[in-house]
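A.B. asks: Supplied in structure tokens, the structure appears directly below.
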Amino acid sequence: MNVDKANAALESVYTADTPEGLAKAYADWAATYDSETASLGYLLPFLITAWVARHVPAGEGPLLDAGCGTGLSGPSLKALGYTDIAGLDLSGDMLKIAGSRNAYGDLKQAMLGGPLPWPDGHFRAFFSTGVFTISHAPASGLHELVRITRKRGHAIFTVRDQVFESGGFQAVFDELEQAKKWRPVEQSPWFRCYAIAEPDALVKTFVFEIL
């Protein structure tokens, strides 16, 4: 990430003195952030749409983008015919950028690992990329995501290789399976999350059906 660009964007945000100025500062920063991740060949927000489309027909109910960040996945899913998409993220600043993409109907600030502000069985599916990774959301956050997903719905998410073992993901997978909360449907091979940079940064996509 270009530190000078990031610092300039922060300065723009902190010195904006009107709502319009603030919106422009975030719009400028969003463009920089996205181009920086694109220059690394960051695949996940776009690639996850393939698994969603494979398992979840459009029009069957709302989807949740869990840890949506600047909302890169939303427009791709909208282009594929998914019109009912909610997003949650820890960062209110990121949510403002996601909201500007006109792909999300409902955006809420919440932390994975804590209680989520939706009722049981609300979503047809949730999807998540780049969230179950180093120093991010814990594996235990899957319990709440499963709670707010309806029966016969789907859980579709990536896990970074470095936290799969240390973060206890397999234990949580097994716990949910033994409790008959979900069943495994598909898992990808380990693959690179950046097409250009960081060749050793690997993730795997998991798909479960909620029971």
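The values are calculated or read from the model by the stated rules, or taken from the named source; none is laboratory data. Fair warning: this is a prediction, and the values are worked out from it, not measured in the lab. So basically every Cβ, Gly included, is an ideal-geometry build from the backbone, and we count neighbours across all protein chains shown.
A.B. asks: Does region 164-180 contain any residue that is assigned by TED's automatic domain parsing to the domain that holds Pro62, touching a residue at least 12 places away in the same chain (Cβ under 8 Å) and surrounded by fewer than 14 Cβ atoms within 10 Å (Cβ to Cβ)?
C.D. replies: Yes, that holds for at least one residue.
A.B. asks: Pick from Lys108, Lys151: which is under 14 Å from the mean Cα position of the chain (by Cα), surrounded by fewer than 17 Cβ atoms within 10 Å (Cβ to Cβ) and closer than 25 Å to Glu60 by Cβ?
C.D. replies: Of the residues listed, the single one that is under 14 Å from the mean Cα position of the chain (by Cα), surrounded by fewer than 17 Cβ atoms within 10 Å (Cβ to Cβ) and closer than 25 Å to Glu60 by Cβ is Lys108.
A.B. asks: When only residues in region 85-100 that are more than 20 Å from Pro62 (Cα to Cα) and crowded, with 21+ Cβ neighbours inside 10 Å count, which is farthest from the chain's Cα centre (by Cα)?
C.D. replies: The residue in question is Ile97.
A.B. asks: Considering only residues that are within 18 Å of Leu145 (Cα to Cα), of a type in the set (A, V, I, L, M, F, W, C) and in a loop (DSSP other than H, G, I, E, B), which ones fall in region 64-86?
C.D. replies: Cys68
A.B. asks: Identify all residues within region 192-206 that are without any contact (Cβ under 8 Å) to a residue 60 or more places away in the chain and closer than 14 Å to Gly130 by Cα; write none if there are none.
C.D. replies: Scanning region 192-206 gives Ala201, Leu202, Lys204, Phe206.
A.B. asks: Looking at (1) surrounded by 22 or more Cβ atoms within 10 Å (Cβ to Cβ); (2) outside any loop (DSSP other than H, G, I, E, B), which is the one condition that is false for Ala53?
C.D. replies: Condition not satisfied by Ala53: (1).
A.B. asks: (1) surrounded by fewer than 22 Cβ atoms within 10 Å (Cβ to Cβ); (2) within 17 Å of Cys193 (Cβ to Cβ); (3) touching a residue at least 60 places away in the same chain (Cβ under 8 Å): which one isn't true of Ser76, the others all being true?
C.D. replies: Of the numbered conditions (1) surrounded by fewer than 22 Cβ atoms within 10 Å (Cβ to Cβ); (2) within 17 Å of Cys193 (Cβ to Cβ); (3) touching a residue at least 60 places away in the same chain (Cβ under 8 Å), the odd one out for Ser76 is (3).
A.B. asks: Name the one entry in Val207, Val131, Val203 that is surrounded by 20 or more Cβ atoms within 10 Å (Cβ to Cβ), at pLDDT below 95, not hydroxyl-bearing (Ser, Thr, Tyr) and not in a loop (DSSP other than H, G, I, E, B).
C.D. replies: Val131
A.B. asks: Tally up the residues in region 163-191 that are over 18 Å from the mean Cα position of the chain (by Cα) and outside any loop (DSSP other than H, G, I, E, B), please.
C.D. replies: Number satisfying all stated conditions: 14.
A.B. asks: Read through the list (1) over 16 Å from the mean Cα position of the chain (by Cα); (2) within 23 Å of Glu36 (Cα to Cα), then give the number of the only condition that Pro119 fails.
C.D. replies: It fails just one condition, (2).
A.B. asks: Would you point out which residue out of Val159, Val146 is modelled with pLDDT of 95 or more, assigned to a helix (DSSP H, G or I) and among the β-branched types (Val, Ile, Thr)?
C.D. replies: The conditions single out Val146.
A.B. asks: Further question on the same structure: Determine the pairs where a residue that is of a type in the set (Ser, Thr, Tyr), located within region 110-135, has a partner that is at pLDDT below 95 and in a loop (DSSP other than H, G, I, E, B) with Cβ atoms under 6 Å apart, the partner being 6 or more residues away or on another chain.
C.D. replies: Ser128/Gly67
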